[in-house]
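Chemist: Before we start, here is the structure in question, set down as structure tokens.
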Amino acid sequence: MDRKLNISVSIEGIQLPLTVNSPEEEKIYRDAASSIQGRIQSLRAMYPNLKNDKYYYVMAMLNTAVESIRSSQRSDMTPYFDMLNELEAEIDKVNKK
């Protein structure tokens, strides 16, 4: 029996009602909201004179998207790097004989 959880997270004072599938998923959403809030605060400190809040929100979204893409690219390359390292080790063994 799947039991959905109704939660609410807050970013910039905006309450976002959500339905999640598990306590683990709830933690992910809460951590994500906290991360976004922290990112917006950091951007405000770095760029205190932007025209309005919309710029901070868009910059935070862009930074988050870039981080996500970089992370997925690193993840995708790991098996290839592992395979290359194994091949290099095999070649080294053959060359030492």
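Chemist: Restricting to the range 1-26, what's the tally of residues that are among the acidic types (Asp, Glu) and either under 15 Å from residue 37 (Cβ atoms) or touching a residue at least 60 places away in the same chain (Cβ under 8 Å) (or both)?
Modeler: Summing the residues that are among the acidic types (Asp, Glu) and either under 15 Å from residue 37 (Cβ atoms) or touching a residue at least 60 places away in the same chain (Cβ under 8 Å) (or both) in the range 1-26 gives 1.
Chemist: Ok, one more. Any residue at all in the range 66-79 that's under 25 Å from residue 13 (Cβ atoms) and either of a type in the set (A, V, I, L, M, F, W, C) or free of Cβ contacts under 8 Å to residues at least 12 places away in the same chain (or both)?
Modeler: yes
Conditions (1) in contact with a helix residue (DSSP H, G or I) (Cβ under 6 Å, 6 or more places away or on another chain); (2) not polar (S, T, N, Q), marked per residue:
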site	(1), (2)
19	no, no
27	no, yes
32	no, yes
46	no, yes
52	no, no
59	yes, yes
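Chemist: Please go through the range 1-36 and give me each residue that is of a type in the set (Val, Ile, Thr) and either farther than 20 Å from residue 61 by Cβ or in contact with a strand residue (DSSP E or B) (Cβ under 7 Å, 6 or more places away or on another chain) (or both), ordered by number.
Modeler: Once the filter is applied, which keeps residues that are of a type in the set (Val, Ile, Thr) and either farther than 20 Å from residue 61 by Cβ or in contact with a strand residue (DSSP E or B) (Cβ under 7 Å, 6 or more places away or on another chain) (or both), the range 1-36 yields 7, 9, 19, 20, 36.
Chemist: I need a count of the residues in the range 19-52 that are under 17 Å from residue 64 (Cβ atoms), surrounded by fewer than 11 Cβ atoms within 10 Å (Cβ to Cβ) and polar (S, T, N, Q).
Modeler: 0
Chemist: Further question on the same structure: So, residue 41, is that one assigned to a helix (DSSP H, G or I) and modelled with pLDDT under 95 or not?
Modeler: no
The values are calculated or read from the model by the stated rules, or taken from the named source; none is laboratory data. Worth saying up front: this structure is predicted, and the values here are computed from it rather than measured. Cβ atoms come from the backbone with ideal geometry, glycine included; neighbour counts cover every protein chain shown.
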